[in-house]
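S.K.: Supplied in structure tokens, the structure appears directly below.
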Amino acid sequence: MAVIGFDTTVFPRLNYKDPAAFWGEIENLKAFFRDNRQALEPVFKRAPAFLAAFQKLDPLIQSYTAKVCPYCGTVCCANKFGFPEYADVVGFLALGLEIPNYNLNVNEEDICQFIGDKGCVLPRPQRPYRCTWYFCDPLLVQLEIGPARDYRNFIKDLQELSRARGELLENFYQIWKGLDKTSK
């Protein structure tokens, strides 16, 4: 079974090094969602499947990260990875989530601003997508040596998340592309 995704490079790049541009682009996207709610109905219809895929995958990921991450000498979760891409913000808005209050004046190499005592303080659907699909080698080893059923379910659930996200973003892109050209 192939993983179905979406090429997010078709969207503008959010530049977290330029706070005015970063927040300006997010405000533009919020306005697009607000002003085109009816046209975006196909996107909102895809949102429950996207959320359900996150919710199904989260407990397994949490159980494995709880075993591996506290003992890691190299923290993968750095600020530069905790900032969203445009597609992440589309997902947040489609799910009706608030945009996290990113502090853009942090050292990008430092541990992510959203890491707490027990891991990330943001709910999984409110994190950048890369935070869900990135698995370091020690985490992959634990998944592979764990119960085979867990590993099979993990792969299946990760593919479902990718498919649900891809469908939501494809729907958004087709609407955004058409409406964006007519509004200029």
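The values are calculated or read from the model by the stated rules, or taken from the named source; none is laboratory data. Fair warning: this is a prediction, and the values are worked out from it, not measured in the lab. Methodologically, a virtual Cβ is constructed for each residue, glycine included, from the backbone with ideal geometry; neighbour enumeration extends over all protein chains shown.
S.K.: Given (1) out of contact with any helix residue (DSSP H, G or I) (no Cβ under 9 Å at 6 or more places or on another chain); (2) crowded, with 18+ Cβ neighbours inside 10 Å, where does Gly24 come up short, assuming only one miss?
M.R.: Unmet condition: (2).
S.K.: Are there any pairs with C-beta distances below 6 angstrom linking a residue in the range 154-179 that is closer than 14 Å to Ala39 by Cα to a residue that is among the basic types (Lys, Arg) and assigned to a helix (DSSP H, G or I), with the two at least 6 apart or on different chains, and if so which?
M.R.: Within 6 Å, the pairs are Leu168/Arg46; Asn171/Arg46.
S.K.: While we're on this one: Exactly one of these conditions fails for Phe81: (1) of a type in the set (Phe, Trp, Tyr); (2) outside any helix (DSSP H, G or I); (3) surrounded by fewer than 17 Cβ atoms within 10 Å (Cβ to Cβ). Give me its number.
M.R.: Exception for Phe81: condition (2).
Here's the yes/no breakdown for (1) in contact with a Leu (Cβ under 9 Å, 6 or more places away or on another chain); (2) at pLDDT 95 or above:
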{"position": "Trp133", "(1), (2)": "yes, no"}
{"position": "Leu143", "(1), (2)": "yes, no"}
{"position": "Gly146", "(1), (2)": "no, no"}
{"position": "Arg152", "(1), (2)": "no, no"}
{"position": "Leu161", "(1), (2)": "yes, no"}
{"position": "Phe172", "(1), (2)": "yes, yes"}
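S.K.: Got a number for residues in the range 29-45 being surrounded by fewer than 13 Cβ atoms within 10 Å (Cβ to Cβ) and either touching a Phe, Trp or Tyr at 6+ places or on another chain (Cβ under 7 Å) or within 18 Å of Asn101 (Cα to Cα) (or both)?
M.R.: 1
S.K.: Can you tell me which residue in the range 84-107 is surrounded by the most Cβ atoms within 10 Å (Cβ to Cβ), limited to those that are within 10 Å of the chain's Cα centre (by Cα) and of a type in the set (Val, Ile, Thr)?
M.R.: So the residue we want is Val90.
S.K.: Hey, can you tell me all the residues within the range 1-20 that are outside any loop (DSSP other than H, G, I, E, B) and more than 16 Å from Ala87 (Cα to Cα)?
M.R.: Here is the first cut: in the range 1-20, the ones outside any loop (DSSP other than H, G, I, E, B) are 8-10, 19-20.
If the condition is that a residue be outside any loop (DSSP other than H, G, I, E, B) and more than 16 Å from Ala87 (Cα to Cα), then Pro19, Ala20 are the ones that fit.
S.K.: Of the residues that make up the range 55-70, is at least one in contact (Cβ under 8 Å) with a residue 60 or more places away in the chain, assigned to a loop (DSSP other than H, G, I, E, B) and surrounded by fewer than 18 Cβ atoms within 10 Å (Cβ to Cβ)?
M.R.: Scanning the range 55-70 turns up no residue that is in contact (Cβ under 8 Å) with a residue 60 or more places away in the chain, assigned to a loop (DSSP other than H, G, I, E, B) and surrounded by fewer than 18 Cβ atoms within 10 Å (Cβ to Cβ).
S.K.: Looking at Phe50, Phe6, which one is over 28 Å from Glu109 (Cβ atoms), in contact with a Gly (Cβ under 9 Å, 6 or more places away or on another chain), modelled with pLDDT under 95 and crowded, with 17+ Cβ neighbours inside 10 Å?
M.R.: On the way: Phe50 fails: modelled with pLDDT under 95.
Answer to the check: Phe6.
S.K.: Also: What pairs come up if the first residue lies in the range 121-133 and is free of Cβ contacts under 8 Å to residues at least 40 places away in the same chain, the second is loosely packed, with under 15 Cβ neighbours inside 10 Å, and their beta carbons are under 8 Å apart, counting only those six or more places apart or on different chains?
M.R.: Correct list of pairs: Gln126/Glu98.
S.K.: Quick check on this structure: which one of Gly82, Gly73 is under 24 Å from Glu108 (Cα atoms), at pLDDT below 95 and touching a Phe, Trp or Tyr at 6+ places or on another chain (Cβ under 9 Å)? Write out each step before concluding.
M.R.: Working: Gly73 fails: touching a Phe, Trp or Tyr at 6+ places or on another chain (Cβ under 9 Å).
Only one candidate passes the filter, namely Gly82.
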